[in-house]
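Report on the following structure.
Taken together, the values in this text are just the output of simple stated rules run on the coordinates, not laboratory data. Small disclaimer: the values here were computed from a predicted structure and weren't measured. Methodologically, a virtual Cβ is constructed for each residue, glycine included, from the backbone with ideal geometry; neighbour enumeration extends over all protein chains shown.
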Amino acid sequence: MKHLLSIDDLSTDDIHQLFETAADMHDVQRREVKKLPALRGRTVVNMFFEDSTRTRSSFEIAGKWLSADVINVSAKGSSASKGESLRDTVLTVCAMGVDGLVIRHPASGAAVQVSEWVDAAVVNAGDGMHEHPTQALLDAYTLQRHLGSLEGRHVAIIGDLTHSRVFRSNVQCLTRLGARVTVVAPPTLMPSGIVAWSAAAGFETSYDVDAVLPDADAVMMLRVQRERMSGAFFPSAREYTVGYGLTRNRLALLKPDVPICHPGPMNRGLEIAADAADAAQSVVLEQVSSGLAIRMAVLYHLLAGSPEGGIA
Amino acid sequence: MSLVIKGASLLGEGPADLFIDDTGTFVDIAPSGAETIDAAGLVALPGLVDLHTHLREPGREDAETILTGSQAAALGGYTAVLAMANTSPVTDTAEAATRVWELGREAGLVHVQPVGAVTRGLAGEELAELGLMHRSRAGVTVFSDDGKCVHDARVMRRALEYVKAFGGVVSQHAQDPSLAGPSACCHEGELSGRLGLPGWPGIAEEVIVARDVMLARHTGSRLHVAHVSTAGSVEVLRWAKAQAGRDGHWDVTAEVTPHHLLLTSDLLAGYDPTFKVNPPLRPQEDVEALRAALADGTIDAVATDHAPHARHDKEHAFVDAAFGMLGLETALGVVRTALPDLSWADVARVMSVTPARIAGLADQGRPLAPGSPANVVLVDPDASVTVDRDASASLSRNNPWHGRSLSSRVVHTVYAGRLTVRDGALAQAGAHSS
């Protein structure tokens, strides 16, 4: 593995190996001195063409705790506003001797394209509606810590699937780890061709949250972007909440201790009620600390060791 | 200069000699002192006519000029191209159209016929000066906002009505903007769902085609549908043509691009913007429907939608990259590859005769017979060409065929009696004297 662009880049063994490394990295977080020398002398650039707080901070801390030199480039709008092509923008940055490029971009496929232009290891930190592989890894890692093996476990992913890179990465990651996945959304927020896709990829689809929740071993809520509400995807916030939100009443449908995930930021009262977000089984904050461990593991495997990097 | 073409297979039939006098006309008897070309084994077709070319001049001469586009056209076997109006400034006045026409004459390699915009600035609101463009020296008869759809039904109706006065035709880029959103860049289907690319659904084309054929019937005017890409559009066109055959009051024609006859949407899996085109590449079932429709005459013509782009305009994230691909130099080879059973007479029909009729180009698409203007292409039917994008005459390199082998090879092109391409290479350029 030279880059991490998609969950599809990883074998099941790769994922387990990353989880093992992440567990070690988790231990580092509990140390008084949170520093490993693994990436000393390596330079990582976080190149974010889109706003992000948690993902950018997570990658920044991960790199720094591994002793890499980390630079943040807020590239939002730069290539478009100044007329520079994406290729020229990333080549300019990488000409400064970059070993790792963490890229967030509002366009699907941007990380894939960038990986073809540069020599640095590229980590996809979210590309448009395509993928967010480290988010999927941290979600699965978090759930594994709660459920043990994911083999045969039933995970419900609920929300705006069409526009969600988190969903696209998670459905691959969870099924690869043996979980049974059901995705739930109104028909207007189901990606085109999902019937054929789900049949080929081995996951299920549903429009009925109430039918899915009682059987779920884990629930993953997706953020509804407020700008979608004017796009005729659904009639109103109220109707969405009634139909697809994890409300207080629906919390009662869940089996005891079923972990509740959300990639954040949460729209409390829209896709997730405060009661659910703050419930004892909510793992939202744990996802954040898991994310740091996962990103440390990813950077370690890509950039430490042999010049070629890769999972040893 | 007079010319004798010896032993060419006319439209794939038995060999014959073609005689061209120094006025650029086919004649009965070999002119004295004529240059002789041995065309044994070569198929002779009327020079190809492209209803849909983007030459980028004025405005983006870094991507293409009328001269380089003309060179690419000649190498592809074309003797006439229709230059689309979405230049900068837009070809929406008589002066702008005349300038394009003049630059084409100066290049002298093919007849460059400007297409006029339907609406001012391609804004879709007010009609451009359609009549003045028609009355200009350029004699514009085809009007299109290509790149954009004339989506307002009232404006489309008025355009169709207005051009009736002088036998004009409106060429529609069928894309309902409310169904294919502003970012739409990929056929809407399973692949766009998985890749997270904004979908461009076939229905966005089909509803406009359906609407426009009804408007064509209502107005009794001439509608041409540009770059048809879906099986659903084919069904609508088939129905419309059947109806038109009954009452005869409407005239609907359509074109398909070479790339929609051979390439499929699967190619977008790697996010390579070379394959980003508008309308998007579609799945195999649409490709099959388009091939069948071309063969049975439901689709009338092949048009390249030659769309050169500077390299940096394609080196953006897929959603942000420019739409379009090159096509002039490869069109014949793609058609031969996609439809190997199509007769040479049918190739001539869809790539020369019918396009010339639609565009109203009296000197083009004519029989290879005495009295006709000598526009002819000679093709080696047994050769194949491995495409090298760096060998293109175009200033751009967005060539989806790079490295692919295509059937047949354009050997010579004769425009107005003069060799523009000899042995697969450009002959010396010169001013067109006709």
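Tabulated results
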{"read-out": "Residue-averaged beta-carbon neighbours from other chains (10 angstrom radius) around B:318-328", "value": "3"}
{"read-out": "Two-site label geometry, residue B:422 and residue A:242: point separation in nm, points 7 Å out along Cα→Cβ", "value": "8.1 nm"}
{"read-out": "Rounded to 10°, Cα long-axis angle of helix A:12-29 versus longest principal axis of chain A", "value": "80 degrees"}
{"read-out": "Amide H partners (placed H, <5 Å) of residue B:52, local residues excluded", "value": "B:82, B:304, B:305"}
{"read-out": "Simple Cβ-charge dipole of the protein assembly as shown, Lys/Arg +1 and Asp/Glu -1, about Cα centre, in debye nearest 20", "value": "1340 debye"}
{"read-out": "Tilt relative to chain A, helix A:133-147 - C-alpha long axis, 0 to 90 degrees, to 10", "value": "60 degrees"}
{"read-out": "Distance between modelled label sites at residue B:246 and residue A:27, nm, 7 Å Cα→Cβ extension", "value": "8.2 nm"}
{"read-out": "Förster-model FRET efficiency, 22 Å R0, residue B:382 and residue B:345, C-beta, rounded to 0.05", "value": "0.75"}
{"read-out": "Residue-averaged beta-carbon neighbours from other chains (10 angstrom radius) around A:108-115", "value": "6"}
{"read-out": "Gap separating the Cα centres of the range A:95-165 and the range B:317-350, nearest whole Å", "value": "38 Å"}
{"read-out": "Size of electric dipole in chain B: Cβ of Lys, Arg +1 and of Asp, Glu -1, about Cα centre, debye, nearest 20", "value": "560 debye"}
{"read-out": "Estimated FRET transfer efficiency when R0 is 60 angstrom, pair residue B:362-residue A:51 (beta carbons, to 0.05)", "value": "0.50"}
{"read-out": "Packing-based order for B:351-357, B:12-18, using average beta carbon neighbours within 10 Å, highest first", "value": "B:351-357, B:12-18"}
{"read-out": "Computed [θ] at 222 nm, helices only, for chain B once each DSSP H run of length n ≥ 4 contributes -39500 (n - 2.57)", "value": "-8000 deg cm²/dmol"}
{"read-out": "Gain upon complete extension [residue A:274, residue A:71; 0.36 nm per residue less C-alpha separation]", "value": "69.5 nm"}
{"read-out": "Check: the range A:133-284 dipole with +1 on Lys, Arg Cβ and -1 on Asp, Glu Cβ, in debye", "value": "280 debye"}
{"read-out": "For peptides A:24-36, A:211-223, sequence by mean Cβ density within 10 Å, most packed first", "value": "A:211-223, A:24-36"}
{"read-out": "Calculated FRET efficiency for the pair residue A:84/residue A:281, C-beta based, R₀ 41 Å, to 0.05", "value": "0.30"}
{"read-out": "Farthest positive-ward along the protein assembly as shown dipole, Cα basis, beta-carbon charges - from B:88, B:181, B:364", "value": "B:181"}
{"read-out": "On Cα atoms only, tilt of A:54-65 relative to the major axis of chain A in degrees", "value": "40 degrees"}
{"read-out": "Whole-Å distance, taken between Cα centres, linking the range A:17-34 and the range B:259-311", "value": "51 Å"}
{"read-out": "Spin-label pair residue A:188/residue B:4, simplified geometry with 7 Å Cα→Cβ offset, distance in nm", "value": "7.5 nm"}
{"read-out": "Distance from the range A:177-240 to the range B:224-248 (C-alpha centre basis), Å", "value": "38 Å"}
{"read-out": "Gaussian network model of chain B, springs between alpha carbon atoms under 10 Å - residue of B:205, B:285, B:161 with greatest fluctuation", "value": "B:285"}
